[in-house]
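A.B. asks: For reference, the structure I am asking about is given below.
No lab work stands behind these numbers, since they all come straight from the coordinates. Remember, predicted model here, so these are calculated numbers, not experimental data. Here the Cβ positions follow ideal geometry from the backbone for every residue, glycine too, while neighbour counts run over all protein chains shown.
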Amino acid sequence: MQIHRFVFGLSRQHLKIVYILKNKLVGMKVISFDPERYAKIQINSPFDFFYLQKIIKKGDLVKGRTWRRIFIQREEKRIRSKKKMVVLKINVEKCEYEKEVKKMRIMGKIVEGPKEISLGHYHTIEVSIGDALIIEKKWTDEEIKIVERAKVGIKFADRKILEEFFMHINKQDGYAVYGLDNVTFAVKCNAVAVLLFLEEKFDQLQEIINEVEKKGGELRAVAKNELGKKFYQYDIGAILRFAIA
């Protein structure tokens, strides 16, 4: 398979402006997808890494733009040059998400690259917001479903959802809960219709977010703005399918 070029959409700075000012997230961009061979995707928001961690597995082939130091052979001397931007394909051995800097590090051995780069050496491709990459493998049904969910993305809570949450809290009718312990119990009961969480707490709450998504619940981040200010005291909350006493 030959991919002639990478397609990049908005700049990282533009993506950040859209993300902060509009308070509305687009999902992961799927540029092209052949379930028998590969997916070409672009990361549009920090939440996309939540899905990317589920998609990339050991043994997958990942191709992307990356910096690599190149050594030049001159007579009998091997001279180290400056780092150069190249397109490499690696056989994945490990992935790590660095939540502090919102980057994913994908590590493995180089299997394809420019002729001046030796194959079989280890390399790490760093993926940031705005980056595109190609993941090659035969995709399972579950992985295809994850890609479809990633395209929709995790949206921000609008006024209607927040007002519904506060209405149930004020009425104390059992159709809304808050606090990690109460929400965890509601998840175990398969009662969560909509999970609400502070945008900044996303990385700390990935385990419970993952459980809610598995059970068909909706995910809504609450942004740091006037609309979400009232929710700050809760950190995490949920609107329920049925009342829990």
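A.B. asks: Exposure proxy check: I43, I117 ranked by fewest other beta carbons within 10 Å?
C.D. replies: Arranged by neighbour count, lowest to highest, I43, I117 become I117, I43.
A.B. asks: Dipole size in debye (nearest 20) for the chain around its Cα centre, Lys and Arg Cβ +1, Asp and Glu Cβ -1?
C.D. replies: Dipole about the Cα centre, nearest 20: 1200 debye.
A.B. asks: Moving on. Using the 10 angstrom Cβ neighbour count as an exposure proxy, how do L195, L219 rank, fewest first?
C.D. replies: Taking fewest neighbouring Cβ atoms as first place, the list is L219, L195.
A.B. asks: Another question, if that's okay. If the convex hull of the alpha-carbon atoms of the chain is projected onto planes in all directions, what is the mean projected area in square nanometres?
C.D. replies: Answer in nm², one decimal: 15.1.
A.B. asks: Report, by chain and number, residues whose modeled amide H sits under 5 Å from the one on I31, excluding near sequence neighbours (fewer than 5 apart, same chain).
C.D. replies: K40, I41, Q42
A.B. asks: If you plug each phi of the stretch 158-168 into the Karplus form 6.51 cos²θ - 1.76 cosθ + 1.60 with θ = phi - 60°, what whole-Hz ³J(HN,Hα) values come out, in order, with x for Gly and Pro?
C.D. replies: 8, 4, 4, 5, 5, 5, 5, 4, 5, 4, 5
A.B. asks: Count neighbours as other Cβ atoms within 10 Å of each site's Cβ, and list the GluC sites (Glu not before Pro) in the stretch 161-241 that are DSSP loop with at most 11 such neighbours.
C.D. replies: For GluC sites (Glu not before Pro) across the stretch 161-241 that sit outside H, G, I, E and B with at most 11 neighbouring Cβ atoms in 10 Å, the list reads E226.
A.B. asks: Could you give the angle, 0 to 90 degrees to the nearest 10, between helix 141-152's Cα long axis and the longest principal axis of the Cα atoms of the chain?
C.D. replies: 70 degrees
A.B. asks: Using just the helices of the chain, give the 222 nm mean residue ellipticity in deg cm²/dmol: DSSP H runs with n ≥ 4 each add -39,500 (n - 2.57), and the total is spread over all residues, rounded to 500.
C.D. replies: On the way: 6 runs with 61 residues, N = 245.
Estimated from H runs of four or more residues: -7500 deg cm²/dmol.
A.B. asks: What area, in nm² and to one decimal, does the C-alpha convex hull of the stretch 67-155 cast on average over all directions?
C.D. replies: 7.8 nm²
A.B. asks: Name the residues whose placed amide hydrogens come within less than 5 Å of the amide hydrogen of I70, ignoring near sequence neighbours (fewer than 5 apart) on the same chain.
C.D. replies: Excluding prolines and chain starts, which carry no amide H, the hits are S81, K84.
A.B. asks: Could you list H121, H168 in order of exposure, starting from the residue whose Cβ has the fewest other Cβ atoms within 10 Å?
C.D. replies: Ordered from fewest to most neighbouring Cβ atoms within 10 Å, H121, H168 come out as H121, H168.
A.B. asks: Considering just Cα atoms, how many Å³ per residue does the convex hull of the stretch 155-240 enclose?
C.D. replies: Values: hull volume 7.0 nm³, N = 86.
Residue-normalised Cα hull volume stands at 81 Å³.
A.B. asks: Which of the chymotrypsin sites (Phe, Trp or Tyr not before Pro) found in the stretch 171-241 are in a DSSP loop and have at most 14 neighbouring Cβ atoms, other than their own, within 10 Å?
C.D. replies: Details: sites: Y175, Y178, F185, F197, F202, F231, Y232, Y234; in loops: Y175, Y232, Y234.
Of the chymotrypsin sites (Phe, Trp or Tyr not before Pro), the ones in loops of the stretch 171-241 whose Cβ has at most 14 other Cβ atoms within 10 Å are Y232.
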